[in-house]
1. Name the lysines eligible as straight-distance cross-link partners of A:Lys73: C-alpha to C-alpha under 30 Å, and not fewer than 8 places from it in the same chain.
2. How many angstrom lie between the C-alpha centres of region A:80-117 and region A:193-227?
3. Counting partner chain Cβ atoms within 10 Å of every residue's Cβ in B:183-196, what's the average?
4. If neighbour count is taken as other Cβ atoms inside 10 Å, put B:Ser161, A:Ser9 in order from fewest to most.
5. Using helices alone, I'd like the mean residue ellipticity at 222 nm for chain A: each DSSP H run of four-plus residues gives -39500 (n - 2.57), total over residue count, nearest 500.
6. Tell me, what HN-Hα J-couplings in whole Hz come from the Karplus equation 6.51 cos²θ - 1.76 cosθ + 1.60 at θ = phi - 60° for each residue of region B:82-97, using x for Gly and Pro?
7. Counting only C-alpha contacts under 8 Å and six or more residues apart, can you give the relative contact order of region B:1-144 as a whole percent?
8. Which net charge results for the neighbourhood of A:Ile157, defined as the other residues with beta-carbon distances under 15 angstrom from its beta-carbon, given Lys and Arg at +1 and Asp and Glu at -1?
Amino acid sequence: MSLRNSLGSVFAIAAFAFLIASIALAFYWVPTDADQGFSQRIFYIHVPVALTAYVCFAWGAWKALRLLWTGDKRYDLESYTAVHMGVIFGVLVLATGAIWARISWGVWWSWGERQLVLFLILFLFYCAYFMLRNSVDAGPRQARMSAVYSLFGVVLIPISFLAIRLAENFIHPVVFTRDGPQMAGSMFFVFCLATVGTLALAAALYHVELSGKRLDLKLKELRKAHS
Amino acid sequence: MTRSAALRQYASDVAVLARKDALLELRSRDTVPAMLLFVVGSLVVFHFAVPADLSAETERVVAFGLLWVALLFTAILGLTRAFVAEREQRLIDALVLAPCDRSAIWLAKTLAVIAFLLLAELIALPAFALFFEPIDGRTIVAFLLANIGLAAVGTVLAAVSAASRTRELLLPLLLLPLAIPIVVGGIGASVADEPAQFLAFLVLYDAVFAIISWSAFEYVVTE
């Protein structure tokens, strides 16, 4: 238990250091983007947060797979917590994406931005995941159903991305394009720093939330035993 | 048991279970008439939702879009009934106890759902051709492919929602995000200049989700 707690603290400290460093560098060191100007700096928050959300969903699906594979119920809580973190970061992606769209194109929402549309679909999907968990009684069956659904989710990510790309062929052509992967070395460095920081933040939150949920569960079991 | 004997056993299990669903529907006539009435009713509603002065090309895209939405909602309507008999008569427990592979239950139910969807489309597509636009071969192929994907995923989710407290309320919420790629593939196959890539996409969706649903169903129905 103490090892787990200290791991959480390590992640928290790393997140703090990396995020502070990346924000400072993103504002004062990285050259301003030639096309988009100052507002492009939201890139150093938006994209790392999006990557972190994907990692959380994948982590949740991996734990779900482990649950179905081994039947060990502790994986259920881990999968649930990972999805929970993924949804929080997913909402942040939608919010930062909306801000970026507003500044770049003058609208809060653009169906031309694939990543945002994908996150909207994923947001709907994982909200349904919470509905599912809430409407099934706690127990091994709830754990397995949630696990199956989160496995659906991780397959839905690439399929939906493909669908959104295909849909552009008949709905409308791509109007807005964002910079490709070609960026200056300093930009890439800060981007990596921010990504590591966000991942560490997610890991720290995951540990805190997981130990909170474990405590809850233990308390419930003790109450049950006591009464 | 040899491999081929096991396969034959599996096939006969599936056939018996699918026959049970067909027989139940034939006797009660609950689901299919409701689906037929619903799909025709929604087409009539759509007529009033689409402005009359659209250009021919826009009207075509909008009409086919609405047709696919109608199909999706009809499928949801049918799927909410898919496990009602199993739940109300506690039949699902007996099925899970039966000495057959649990995935056979999924396959049989999926086949039954596909059959119901085909019946609904047998009415919906001619009605659409009568009210809106002519139907061509690629739309029919797209519908055949979409039925497989919708039924495969929908059957697992219907079993999930049948076991939940909120029952029918849960299924549309679970299914809609997963059905978005099907609608994209279907509309694209109906209206795009090169339908082949959309049909290929539907095949991909069917294959991927049929495999996951087939292997995951057991975990959903066992206590």
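Derivation of every value follows stated rules applied to the coordinates shown; laboratory data play no part. Please read these numbers as outputs of a predicted model, since none were measured by experiment. Positions of Cβ are generated from backbone atoms using ideal geometry, with glycine treated the same way; all protein chains shown enter the neighbour counts.
1. Qualifying lysines at Cα under 30 Å: A:Lys63, A:Lys213, A:Lys218, A:Lys220, A:Lys224, B:Lys109.
2. Here the answer is 25 Å between Cα centres.
3. Numbers: counts 2, 12, 5, 0, 4, 6, 1, 1, 2, 4, 2, 1, 0, 0.
Per residue, the average neighbour count from other chains is 3.
4. Working: B:Ser161 30, A:Ser9 13.
Ordered from fewest to most neighbouring Cβ atoms within 10 Å, B:Ser161, A:Ser9 come out as A:Ser9, B:Ser161.
5. Numbers: 6 runs with 178 residues, N = 227.
Estimated from H runs of four or more residues: -28500 deg cm²/dmol.
6. 4, 10, 5, 4, 4, 6, 5, 9, 6, 5, 4, 4, 5, 5, 5, 6
7. Answer for region B:1-144 is 40 percent.
8. Numbers: positive: A:Arg114, A:Arg165; negative: none.
Computed value for this residue: +2.
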